[in-house]
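Structure record follows, encoded as C-alpha cells.
The values are calculated or read from the model by the stated rules, or taken from the named source; none is laboratory data. From a predicted model like this one, the values you see are computed outputs, not experimental measurements. Positions of Cβ are backbone-derived with ideal geometry, glycine not excepted, and every protein chain shown enters the neighbour counts. Surface accessibility is based on the protein's heavy atoms, side chains included, excluding ligands, DNA and RNA. Shrake-Rupley method; radii C 1.70, N 1.55, O 1.52, S 1.80 Å.
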Amino acid sequence: MDEAKDENCDAATYKYKFWWDEAHSYYSKLMLHKRIGAFKTAILFCIVMFLGALFAATQCLDISIFTGAPFQKPSLTSKNQKIAYQLQCSTGNATQKCPVKNPILLTTDDSSAEQCPEYFRWIYEDLRSWKRTGITKEVVETGIHKASLRIVIVDGKLYMEKYRHVFQTRDVFTIWGLLQLLKLYPGKLPDVDFMFQCNDTPVIPMRDYMGANASIPPPLFHYCGDDSTLDLVFPDWSFWGWPELNIRPWVSLKNEMKKGNKRTKWWERKPYAYWKGNAWVSKNRGELMKCNVTNNNDWNARLYQVNWGDESKKGFKQTNLANQCTHRYKIYIEGRSWSVSEKYILACDSMALLVKPQYYDFFTRSLQPLVHYWPVNNNNKCRSVKFAVDWGNAHQKKAQRIGKAGSDFIQEGLKMKNVYDYMFHALNEYAKLMKYKPTIPPKAVEVCSETMACTEHEGVNRRLKIESMVKKPSDSSPCLLAPPYSRNEIHAIKDNQQSVRKQVEVWEGSGDVRKVKF
C-alpha cells in the first residue's frame with residue numbers, strides 16, 4: 001500500500017510540473033504579444049492550471065494535517081502492508097520516555113472475524129451488577145482501598161497509578177500484557193478507567209452489596225472469582241511470562257508442550273496420577289500429599305513437593321512444564337485460591353483430575369466434567385483419585401478421549417489471540433457501561449513498552465518481555481462476541497456440572513469401575 005501511494009505521489013508531482021510548465025510557457029508567449037484581451041485570458045488560465053496542480057499535489061498529503069486528528073491516518077491492512085513494532089530505546093544516559101508520536105490507527109476487515117469461544121459469554125455475567133446503574137467515576141473510586149492499581153487508557157496510551165505492593169512481578173507483566181493488547185488492536189479499544197487487584201483471592205464480597213438499600217459495588221478486575229464475590233475475571237500475568245519461576249510466555253510454552261505431548265504416547269505413559277507443586281500454600285494441598293504412595297498404601301498417585309528457592313538455585317532443571325506430560329493422569333488442585341497451573345495441566349493430553357475447585361478464572365467456567373476432565377471429590381481425595389485412575393486404566397480409550405478434549409480446549413480455545421480478544425471484549429463491554437469520559441489522574445504516570453523494557457538491559461524479565469512483545473498489528477478484527485446467556489442457561493450449566501459430580505461420587509461409593517456408564 002505504501003508503494004502504491006509513492007507511485008501516486010510521483011504521478012501527481014509529474015502532473016504538477018507539467019501543468020505549471022505549460023501555464024508558464026503560454027503566459028510568456030502572450031506577454032510577448034502584449035494583447036490586453038489575451039493577457040486577461042492568460043491570467044485566468046494560469047489560475048486554473050495552478051489549482052489543478054495543487055489538487056494533484058495534495059493527493060500526497062495526510063488528511064490529518066487539515067483535520068488535526070489525534071491518530072495517524074486510518075488505512076486498510078493488506079498483505080503488502082508491513083508494519084513492525086520496534087522498541088525506541090534512548091541512547092546513553094538519557095531518561096527513557098514514551099514515544100511522543102500518537103498510535104497508528106488501522107481499520108481491519110470485520111468480515112474476516114471469527115466467532116468468539118463459548119467462554120467469552122461469561123463477560124456479560126461478570127458485568128451484570130452494573131448493567132442497570134452503569135459505572136460512574138465515584139463508584140470506580142470506591143474500589144481504591146481494595147485495588148492494587150488504577151489503569152486509565154486514553155487515546156490509545158496507558159497510564160497507571162499504583163496503590164500498594166504487589167507480590168513478585170504480577171503487576172509488571174499484567175501491565176505489559178495490556179500494552180501488547182493496545183499494539184495488537186491500535187485505535188480499537190475505547191478510553192477506559194478501571195481498578196485492578198493483583199492478589200490471590202477475590203476481594204468484593206457479594207453479601208456486602210445485597211438488599212434494597214445496598215450501595216453499588218466497585219467494579220474491580222482480578223485474576224479469579226467465585227460464586228460469592230463480584231470480582232471481574234481477567235487473564236493473569238503468566239501469559240506473558242513468570243520470571244520468578246522461569247516460565248516462558250504462553251505462545252512459546254504452549255508450543256513446547258505440544259511437542260512434549262508427542263514425545264510420550266498416552267498408553268506409554270506411567271499409569272498414575274501426577275502432581276508437582278508447592279503443597280505448603282494451603283491445607284487442601286497438604287491433605288492431597290497424604291495420598292502419596294507409601295509402603296502401606298498406593299492410591300495411584302505420584303505427588304512431589306517443590307521448593308522454588310532450591311529450584312531457582314538449580315536453574316529450574318526439574319520443573320520444566322513441557323517435560324511433565326509423562327503420566328496418563330494429572331491432578332489440578334487449588335492453592336490459596338485458583339492456580340495458574342490449570343492451563344498447563346490441561347494442555348498435557350493426560351486426563352486431568354480436577355479436585356473440586358472453589359474459584360474460576362476467565363476460561364474455566366465452560367469446562368465440562370467427564371468431557372474435559374474427571375471430577376475429584378474434595379472431601380475424599382485419596383479414594384476419589386484411586387477410583388479415577390482405576391477406571392481410566394480399565395477404559396483407556398475413553399480416558400484418552402477426555403484427556404485429548406481437555407488439551408484441545410486449551411491448545412485451540414486458549415490461543416494467544418483469544419486471550420487478547422477476551423481482554424478486548426471485557427474492557428470494551430465495561431467501557432459501554434461507563435457514564436463519564438476518562439481523564440488522566442494527577443498521580444498517574446504514562447507507561448509504554450519502552451519504559452518497561454528499555455531500562456532492563458539484560459536478565460530474565462527483559463527476555464520474557466521481548467519474547468512476548470506483539471510484533472505487528474493484527475490483520476483481523478477481534479472475534480465476534482455472542483449474546484449473553486439467559487438466566488435459565490446459566491442455571492442449566494451449573495446444574496449439569498453439579499449433577500455429573502454427584503453421579504461420579506455415586507460410582508466411587510460403589511467402588512466398581514464397571515458401573516461407570518457414559
Exercise. How many residues are out of contact with any helix residue (DSSP H, G or I) (no Cβ under 7 Å at 6 or more places or on another chain), of a type outside the set (S, T, N, Q) and assigned to a helix (DSSP H, G or I) if we restrict to segment 300-356?
Worked result: 5
Problem set entry | Odd one out for Thr455, checked against (1) among the β-branched types (Val, Ile, Thr); (2) more than 23 Å from Val470 (Cβ to Cβ); (3) more than 23 Å from the chain's Cα centre (by Cα) | (2)
For this session: Take segment 231-252 and flag every residue that is open to solvent by 30 Å² or more (accessible area, probe 1.4 Å) and closer than 16 Å to Trp338 by Cβ.
Result: Trp242
Problem set entry | Residue match in segment 96-116 (condition: open to solvent by 10 Å² or more (accessible area, probe 1.4 Å), free of Cβ contacts under 8 Å to residues at least 40 places away in the same chain and among the β-branched types (Val, Ile, Thr)) | yes
Problem set entry | Residue identified as under 25 Å from Trp130 (Cβ atoms), in contact with a strand residue (DSSP E or B) (Cβ under 6 Å, 6 or more places away or on another chain) and either modelled with pLDDT of 95 or more or of a type in the set (A, V, I, L, M, F, W, C) (or both) among Pro218, Pro235, Pro202 | Pro202
Problem set entry | Yes/no for Ser468 being surrounded by fewer than 18 Cβ atoms within 10 Å (Cβ to Cβ) and among the polar types (S, T, N, Q) | no
Seminar exercise, completed: Of (1) buried (at least 20 other Cβ atoms within 10 Å of the Cβ); (2) at pLDDT 95 or above; (3) farther than 30 Å from Gly511 by Cβ, Asp408 fails just (1)
For this session: Say whether the condition of being open to solvent by 10 Å² or more (accessible area, probe 1.4 Å), over 30 Å from the mean Cα position of the chain (by Cα) and farther than 22 Å from Val385 by Cβ is met by at least one residue in segment 315-335.
Result: no
For this session: Kindly indicate whether Ala482 is in contact (Cβ under 8 Å) with a residue 24 or more places away in the chain and among the hydrophobic types (A, V, I, L, M, F, W, C).
Result: yes
For this session: Being touching a residue at least 60 places away in the same chain (Cβ under 8 Å) and in a loop (DSSP other than H, G, I, E, B) is the filter here, so list the residues in segment 145-169 that pass it.
Result: Lys146, Ala147, Asp155, Gly156, Gln168, Thr169
For this session: Mind telling me which of the residues Val355, Val340 ends up being over 25 Å from Gly392 (Cβ atoms), touching a residue at least 60 places away in the same chain (Cβ under 8 Å) and β-branched (Val, Ile, Thr)?
Result: Val340
For this session: Could you please find all residues in segment 264-287 being open to solvent by 20 Å² or more (accessible area, probe 1.4 Å), in a helix (DSSP H, G or I) and without any contact (Cβ under 8 Å) to a residue 40 or more places away in the chain?
Result: Glu268, Trp280, Lys283, Gly286
Problem set entry | When residues of segment 170-222 are limited to those that are of a type in the set (Val, Ile, Thr), in a loop (DSSP other than H, G, I, E, B) and open to solvent by 20 Å² or more (accessible area, probe 1.4 Å), the one farthest from Gln358 (Cα to Cα) | Ile216
